[in-house]
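Just so it is clear, none of the values below were taken in a lab; they were calculated from the coordinates. All values derive from a computational prediction rather than experimental measurement. With ideal geometry, Cβ positions are generated from the backbone for all residues, glycine too; neighbour counts draw on all protein chains shown.
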Amino acid sequence: MKPLLSGLPVNLILARYLAIPGLLLLGSCENDLRQINMTSTADTLAVETIFDIEVAQSENGMLSLILTGPRMDRFEGDDPYIEFPEGVHVVFYDSLKRVKSELRANYGISYEKRNVMEARGDVVVINHQKNERLNTEHLTWDRNKKIISSEVFVKVTTPDKTIFGENGLVSDEQFESWKLKKVRGDIRVNKEKY
């Protein structure tokens with residue numbers, strides 16, 4: 001009786017023996033990939049969603065801000081965050097409960113552990129007391145350092161000038177004192193003063 005594989009080339013024999021374990025290995029990975037995809041999807045689902053949210057915050061018993069938005073999603077994990085995918089509006093108040101400044105954006109995200117909030121998409125900050133307005137596409141508010149900053153183009157409009165920061169700005173969180181990076185613009189000068 002002849003062996004079953006006699007007369008076949010050696011490379012064909014090896015291919016048969018290696019193909020079967022290879023197929024088994026590929027098939028066994030399928031469940032693991034599905035499990036990984038399910039795990040990563042579960043990690044990105046909001047644990048809480050609130051519609052038409054309004055949150056008031058106070059400091060030392062005095063109203064300091066009111067945050068509103070059409071939707072808020074809260075996510076847990078190593079770096080928990082709150083997202084405002086449909087926009088956010090924050091109004092800041094002074095000690096006499098007068099509107100001091102406000103921030104509005106198409107999107108917002110607040111990192112709870114880092115105490116940092118980012119606003120993106122048609123970001124507008126208005127200082128009502130100084131009648132100044134900031135427009136940009138991205139702004140970061142570091143609540144620990146009490147500053148707002150941007151690394152992208154910004155436009156600041158005041159009662160007597162419009163100036164641009166090609167590389168962003170740094171400001172206190174109330175937008176009272178700010179510094180532009182790589183400034184350009186037209187500034188009206190009162191000739192009588194000079």
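Which parts of the stretch 46-90 would a label at LYS97 reach, counting a residue when its backbone N lies under 12 Å from a point 7 Å out along Cα-to-Cβ? Those under the cut-off are 62-64. Applying a threshold of 25 Å to the alpha-carbon distances of LYS113/LYS181; LYS113/LYS146; LYS97/LYS161; LYS100/LYS182 flags LYS113/LYS181; LYS97/LYS161; LYS100/LYS182 as lying beyond it.
Cross-link partners of LYS145 among aspartates and glutamates, defined as those whose alpha carbon lies under 18 angstrom from its own and excluding same-chain residues fewer than eight positions apart: GLU59, GLU112, GLU118, ASP172, GLU173, GLU176. Each part gets one Cα centre, and for the stretch 128-146 versus the stretch 64-126 those centres are 11 Å apart.
Taking a ≥ b ≥ c as the square roots of the eigenvalues of the Cα gyration tensor, the stretch 48-193 is classed as prolate, since a/c reaches at least 1.5 and a/b is larger than b/c.
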